[in-house]
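Q: Please see the structure below; I have some questions.
The values are calculated or read from the model by the stated rules, or taken from the named source; none is laboratory data. It should be emphasised that the depicted structure is a prediction, and the values quoted were computed from it without experimental measurement. Every residue, glycine among them, receives a Cβ derived from its backbone with ideal geometry; neighbour counts consider all protein chains shown.
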Amino acid sequence: MGEAIKIQVNGETRDWCDGVTVADLLRDLEIATDRVAVEVNLEILDRARFAEHRLRDGDRVEILSFIGGGALCIGDGGVDAPRMGESRESPRAHGFPRHFLKRGL
Amino acid sequence: MTDDRLIIAGREFKSRLWVGTGKYKSFAETQKAIETSGADVVTVAVRRVNITDRSKENLLDYIDPKKYTILPNTAGCYTVEDAVRYSRLARAAGVSDLVKLEVIGDEKTLFPDTAGLIEAARILIKEGFIVLPYTNDDPIVAKKLVDIGCPAVMPLAAPIGSGLGIRNPYNLKILMESVNVPVIVDAGVGTASDAALAMEYGADAVLMNTAIAGARDPIAMAEAMKYAVWAGRLAYKAGRIPKKLYATASSPIEGML
């Protein structure tokens, strides 16, 4: 194998062997190729090209998949979003007048 | 009710209850709730795969894409560019051309940015997407979305996750009369009666997530929602009696002493 190159995967920079393909990367990370989308330097890579597309030093790779979601989901603040009458900050911060919150709707 | 199918862009749906998959305690609970709800369309979000902890299970191991229509959303997207990017990623992840398009305008209300929504929808439709837009209860915007090629519209009942129920039934009714495509009431449902009401008003389907996932007993609420949507749909088709201020006797006067 050749020299080490630096590739950023999902925001994390790691060393990989020169000549590594997207398919190799997914295999190393133990990620099944079905149901993932891969973006290399902001360009979506067709699944059919995973095996042939060689990554280069400094490439930025994003690997995405489906997670649970309705409209806003875990991690986006959906779960942490305050309920009426139990605000994280001041009630005003969320735009509801105080008397509204006291009555709790 | 079995022959009362919902058809959008040539696709046939058995259930008029659509559900989200967020906020559940576990994938097992998600699976049980969805199964109980009878829904055949489930929404999912597109996010980075966790590359440090590969032990994490995948949602689609629990929600079989052969059994359910997977509807990816663009939740969390505040710009046209992001919404378009996430839609393309969702398609690349390989389920279908369907997308529940959200362009969020504001963090506090999560109300849609309708100008951005129309712009993003136009781009995606040109690229062959089947765009189901999450929109406001604004009939004019709904009409514009249909005009540019959306095969259905998804107006909100109330802010996402608020559980406030249908805040503007009259707008929603006008919206339903203004467009000739299916209307799926999306977001804001709090309990079964809200869902029934949406269907009684003439909605073609209802989409919800928090109302089920956030209930004390999500599985029981999923069942309640299933019946609520059925009841509302049946009542709509049956045709309700008009509201009157005064009584009308239902027992005959004839034959009284």
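Q: Yes or no: B:Tyr134 out of contact with any Ser or Thr (no Cβ under 6 Å at 6 or more places or on another chain), on the phi < 0 side of the Ramachandran plot, of a type in the set (Phe, Trp, Tyr) and away from chain A (no Cβ under 14 Å)? Show your work before the answer.
A: Details: out of contact with any Ser or Thr (no Cβ under 6 Å at 6 or more places or on another chain): yes; on the phi < 0 side of the Ramachandran plot: yes; of a type in the set (Phe, Trp, Tyr): yes; away from chain A (no Cβ under 14 Å): no.
Taking the combined requirement at face value, the residue does not satisfy it.
Q: Mind checking which residues of segment A:28-67 are within 15 Å of the chain's Cα centre (by Cα) and of a type in the set (Lys, Arg)?
A: A:Arg35, A:Arg60
Q: Which residue out of B:Val179, B:Val95, B:Val103, B:Val146 is touching a residue at least 24 places away in the same chain (Cβ under 8 Å), touching a Pro at 6+ places or on another chain (Cβ under 7 Å) and either under 30 Å from B:Lys66 (Cβ atoms) or away from chain A (no Cβ under 14 Å) (or both)?
A: B:Val95
Q: Of (1) exposed (fewer than 15 other Cβ atoms within 10 Å of the Cβ); (2) within 8 Å of chain A (Cβ to nearest Cβ); (3) not in a loop (DSSP other than H, G, I, E, B), B:Thr52 satisfies all except one. Which?
A: (3)
Q: Now for a different question. Starting from segment A:1-24, keep only residues that are under 17 Å from A:Leu45 (Cα atoms) and part of a loop (DSSP other than H, G, I, E, B), then list their pairs with residues that are of a type in the set (A, V, I, L, M, F, W, C) and modelled with pLDDT under 90 whose Cβ atoms are within a distance under 7 Å, requiring at least 6 positions of separation or different chains.
A: A:Asn10/B:Val49; A:Asn10/B:Ile51
Q: Being buried (at least 24 other Cβ atoms within 10 Å of the Cβ), part of a loop (DSSP other than H, G, I, E, B), of a type outside the set (Phe, Trp, Tyr) and more than 10 Å from chain A (Cβ to nearest Cβ) is true for just one of B:Ala75, B:Ala39, B:Ala33, B:Ala83. Which residue is that?
A: B:Ala39
Q: Sticking with this one: Take B:Thr69 and decide whether it is buried (at least 18 other Cβ atoms within 10 Å of the Cβ), touching a strand residue (DSSP E or B) at 6+ places or on another chain (Cβ under 6 Å), within 12 Å of chain A (Cβ to nearest Cβ) and hydroxyl-bearing (Ser, Thr, Tyr). Spell out how you get there, then give the answer.
A: Numbers: buried (at least 18 other Cβ atoms within 10 Å of the Cβ): yes; touching a strand residue (DSSP E or B) at 6+ places or on another chain (Cβ under 6 Å): yes; within 12 Å of chain A (Cβ to nearest Cβ): no; hydroxyl-bearing (Ser, Thr, Tyr): yes.
Against the criterion (buried (at least 18 other Cβ atoms within 10 Å of the Cβ), touching a strand residue (DSSP E or B) at 6+ places or on another chain (Cβ under 6 Å), within 12 Å of chain A (Cβ to nearest Cβ) and hydroxyl-bearing (Ser, Thr, Tyr)), B:Thr69 does not qualify.
Q: Considering only residues that are surrounded by 16 or more Cβ atoms within 10 Å (Cβ to Cβ) and either away from chain A (no Cβ under 13 Å) or among the hydroxyl-bearing types (Ser, Thr, Tyr) (or both), which ones fall in segment B:156-173? Break it down into steps so the answer makes sense when it comes.
A: We begin by selecting, within segment B:156-173, every residue surrounded by 16 or more Cβ atoms within 10 Å (Cβ to Cβ); these are B:156-166, B:168, B:171-173.
Residues satisfying the conditions are B:Ser162, B:Ile166, B:Asn168, B:Asn171, B:Leu172, B:Lys173.
Q: Taking segment A:29-44 on its own, how many of its residues are surrounded by fewer than 17 Cβ atoms within 10 Å (Cβ to Cβ) and either among the basic types (Lys, Arg) or at pLDDT 90 or above (or both)?
A: Final tally of qualifying residues: 3.
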